[in-house]
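Enquirer: Right, I'll just put the structure down here and ask away after.
The values are calculated or read from the model by the stated rules, or taken from the named source; none is laboratory data. These numbers come from a predicted model, not from an experiment. So basically every Cβ, Gly included, is an ideal-geometry build from the backbone, and we count neighbours across all protein chains shown.
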Amino acid sequence: MDVVLSIRGLFARYDRGDVLRGVDLDVERGGVTCVIGPNGAGKSTVLKVVSGLLRPRAGDVALDGERISGRSARQILDHGVVHVPQERSLFPSMSVWDNVLMGGYVLSRAALRRRVDEIASRFPIVRERRRERAGSLSGGEQKLVEIARAMMLEPRVVLMDEPSMGLDPKARRVVFGTIRQLNDAGATVLLVEQNARSGLEIAGRGAVMETGAVRLEGVARDLLDNPEVARLYLGGAARSLEDRG
Amino acid sequence: MRTVSRSGAALTVVIVTALAAFPFVFKANWVVNIAVFTMMYAGLATAWNLLGGYSGYISLCNAAFFGIGAYTIANLFPTSGGPPGSTPFLILPLVGLGAAILSIPIGWVAFRTRGVTFAIVTISLLFVAQTLAFLMRSFTRGSQGMGIGVPRFSVATYERPFYLALLAIFVFAVSVCWYVRRAKLGLTLFAIRDDEDRARGLGVDTEIAKLVTFATSLGITAMIGGVWAYYITYIYPQFAVDPLITIGMVLMVFLGGKGTLWGPLLGALLLVPAQRLLAQNATTARWYLILYSGVFLFVILLLPRGIIPSVQDLVARLRSKSDRDTSSPAATVPTVPTEVVP
């Protein structure tokens, strides 16, 4: 497997007590890797550590062999790792177009203009709703604009934290369809998702997390076919997987 | 980053031409006197809007820099120096530049805070400046007041040069706002208004953007203060550094529309003539404060975003309704990306 992002022995905490307890995970270049697991498993925390929003207590994150853990969020962004957070992250009173421009803020003016035109052709919503206030869009539409904004810097890895959260089934399908299309176009995505089935269906590889560690990792299709995964996602104990494996 | 619409350019030409023609069409001194104060507040409100409207930082110290501009002109052109002619107008850019430079260390400290705290810090600065204006007698002559050389302009058109100078500063302020809205700085300010931390997360240097905007806004304010001092020819601390000037400019921005290009002008056009007409009668001179209170309540309760954004929203809703009426149901389905290009 051609690994672009490698996580080894990652420990991290917020106030007291480790949330991550030795996470090991590989992200395949040009693929979608989906991390699933129950609430509190540490899925979102992994993304926060990778994107530099949270400093790890121990362990390494390497991008193409270069260690990036412990660096600032801005430095990691410069390395081409962008984070689409779980909560709504658009600037609500700014237009859709300006929100997308903000994604390429660090680019030169000419590069920014060129890039936003490319993004608008990939994401029709950006051009069609360009003048509308981002806050007036539906949740699903906002998520699409967030993804479009994240693509402005031609990222090497996109970290997506529960993009389907709070969306109705129709909007959820649109968002997952977009992620699949991004992946078809060559983007590498590390996806964290509560909606295990939808997430694994668009992923090449998957991982199951529980209590701060990866309990199971493999081809997404195999995980989908594993009855224990559904049980785990619905709140079953991961221990049964360990016992079997 | 944004294109200029033909209608926007035409609107700008119409507004500026109408404003420039005003004192040549309406020549009565009392009318142009009202126009002078209207243009003064239009400029002050536009300058305030640059920071307060675009970035959401409610700065209440602007009147302090209005006073600094006024006292600078008073010191440069004292009564004893004779009639200064047009020289005070020509020196205004330097006055603005000096005030802008002076504002940088003040802003650097004030921007350690945000939100309500920033507003409290800046209004404290205003009262410090007013107290200093009373105490620094060598610069202000304290409560005794300070005279400026009276220009020998024609009595029939005495107000016109002041009006045109204020119009020039107003056009400059609008041009700065227009440019900022189309530059990265505008993106930065609007992003700061929505969520400053998120903007920083996207690689935006918010500190520099805030300082540059603060300094520009206060530099323009000081220039207007200079024209005001020259116009009224005798200034006192309580009027040169007056919290009511700050309140006036803020109210006009809120009424016309925060963060819009023409909202401050609209607010000034609606409020200042009413204020000046009340001021011409000794009995009603301070009634404008009641007017201000009423307008504040009106804006808070009925027009929280101001006139221009509310009208824009209404037009957008009507257009959207008209589009829905004429389009098929399929056209209203949320947009779905149809293609991803590698």
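Enquirer: I'm told A:Gly139 meets every condition in (1) touching a residue at least 40 places away in the same chain (Cβ under 8 Å); (2) within 8 Å of another protein chain (Cβ to nearest Cβ) except one. Can you identify the failing condition by its number?
Expert: (2)
Enquirer: Have a look at A:Glu141, A:Glu128 and point out the one that is touching a helix residue (DSSP H, G or I) at 6+ places or on another chain (Cβ under 8 Å) and acidic (Asp, Glu). Working first, answer last.
Expert: Details: A:Glu128 fails: touching a helix residue (DSSP H, G or I) at 6+ places or on another chain (Cβ under 8 Å).
Answer to the selection: A:Glu141.
Enquirer: If a residue has to be within 20 Å of A:Val96 (Cα to Cα) and more than 14 Å from chain A (Cβ to nearest Cβ) to count, how many in region B:163-196 make the cut?
Expert: Looking only at that region, the number is 1.
Enquirer: Could you figure out which of (1) within 22 Å of A:Val81 (Cα to Cα); (2) within 14 Å of chain B (Cβ to nearest Cβ) isn't true of A:Asp168?
Expert: Here A:Asp168 meets the rest and fails (1).
Enquirer: Something else about it: In a helix (DSSP H, G or I), buried (at least 22 other Cβ atoms within 10 Å of the Cβ) and of a type outside the set (Asp, Glu): does that describe A:Val145? Give the steps one after another, and end with the answer.
Expert: On the way: in a helix (DSSP H, G or I): yes; buried (at least 22 other Cβ atoms within 10 Å of the Cβ): yes; of a type outside the set (Asp, Glu): yes.
Considered against the rule, which asks whether it is in a helix (DSSP H, G or I), buried (at least 22 other Cβ atoms within 10 Å of the Cβ) and of a type outside the set (Asp, Glu), A:Val145 comes out as yes.
Enquirer: Just one of the numbered conditions (1) surrounded by 13 or more Cβ atoms within 10 Å (Cβ to Cβ); (2) more than 30 Å from A:Asp98 (Cα to Cα); (3) among the hydrophobic types (A, V, I, L, M, F, W, C) is not true of B:Val16; which one?
Expert: (2)
Enquirer: Test B:Thr260 against the stated conditions and say whether it is outside any helix (DSSP H, G or I) and of a type in the set (Val, Ile, Thr). Break it down stepwise before answering.
Expert: Working: outside any helix (DSSP H, G or I): yes; of a type in the set (Val, Ile, Thr): yes.
It is true that B:Thr260 is outside any helix (DSSP H, G or I) and of a type in the set (Val, Ile, Thr).
Enquirer: Also: Give the residue, chosen from A:Val32, A:Val3, that is surrounded by 24 or more Cβ atoms within 10 Å (Cβ to Cβ) and of a type outside the set (Lys, Arg). First the steps, then the outcome.
Expert: Working: A:Val3 fails: surrounded by 24 or more Cβ atoms within 10 Å (Cβ to Cβ).
Every option except A:Val32 fails the conditions.
Enquirer: Here is a follow-up. Inspect all residues belonging to region A:152-174 and state whether any of them is closer than 28 Å to A:Gly59 by Cα and either basic (Lys, Arg) or in a helix (DSSP H, G or I) (or both).
Expert: So in region A:152-174, the residues closer than 28 Å to A:Gly59 by Cα come out as A:153-163.
If we keep only those that are either basic (Lys, Arg) or in a helix (DSSP H, G or I) (or both) as well, we get A:153, A:156.
The answer is yes, given that some residue of region A:152-174 is closer than 28 Å to A:Gly59 by Cα and either basic (Lys, Arg) or in a helix (DSSP H, G or I) (or both).
Enquirer: For B:Gly98, all conditions in the list (1) under 21 Å from B:Arg193 (Cβ atoms); (2) part of a helix (DSSP H, G or I) hold save one; what is the number of the exception?
Expert: Single failed check for B:Gly98: (1).
Enquirer: On the given criteria, is B:Val150 in a loop (DSSP other than H, G, I, E, B) and either modelled with pLDDT of 90 or more or in contact with a Cys (Cβ under 7 Å, 6 or more places away or on another chain) (or both)?
Expert: On the way: in a loop (DSSP other than H, G, I, E, B): yes; either modelled with pLDDT of 90 or more or in contact with a Cys (Cβ under 7 Å, 6 or more places away or on another chain) (or both): yes.
The answer is yes for B:Val150.
Enquirer: For B:Trp48, indicate whether it is assigned to a helix (DSSP H, G or I) and at pLDDT below 95.
Expert: No; evaluated as a whole, the condition is false for this residue.
Enquirer: Looking at region B:251-278, I want the residues that are on the phi > 0 side of the Ramachandran plot and in contact (Cβ under 8 Å) with a residue 40 or more places away in the chain and have a partner that is surrounded by fewer than 20 Cβ atoms within 10 Å (Cβ to Cβ) and aliphatic (A, V, I, L, M) with Cβ atoms under 9 Å, at least 6 apart or on another chain. Which pairs are those?
Expert: B:Gly257/B:Leu303; B:Gly257/B:Ile307; B:Gly257/B:Val311
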